[in-house]
Amino acid sequence: MDYSTVIVAVLALIGTLVGSFASNSKTQALIEYRLRMMEDKLKMLEDKVVEQSKVVESLKSLEQTVNKHNQVIDRTYQLETQSAIFQEQIANLNEDISDLQRRTNNE
């Protein structure tokens, strides 16, 4: 058997193994890099979700405050309306009292 053939075969095997190892290492490093990038993006999205949930809670609180304010405005409007009616009734009663006083003074 010719040793040169064996040496060439062994060198080819070593070359193949080194090439495969280098290729696998590079691929694994690339996959790990991409995985880290995706994890970073996921973390960023999770932070945004937390931030948005805080904004939603703030909006709910603000909405409750606005609703309370609107209720106060509605009640104030109702009170003003009733006050106007009462003032009109008082004015009418004062006229009636004045009429009665005039009648009693004339009799």
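For LYS41, go through the lysines and keep the ones whose alpha-carbon is under 23 Å away, minus same-chain ones fewer than eight residues off. Cross-link targets: LYS26, LYS54. Both radii are taken from the alpha-carbon atoms of the chain; with Rh as the Kirkwood radius, Rg/Rh is 1.93. Computed over segment 1-43, the convex hull of the alpha-carbon atoms projects to a mean area of 2.5 nm².
Values in this text are rule-based calculations from the coordinates and carry no lab data. Bear in mind the structure is a predicted one, so any value in this text is a computation, not a measurement.
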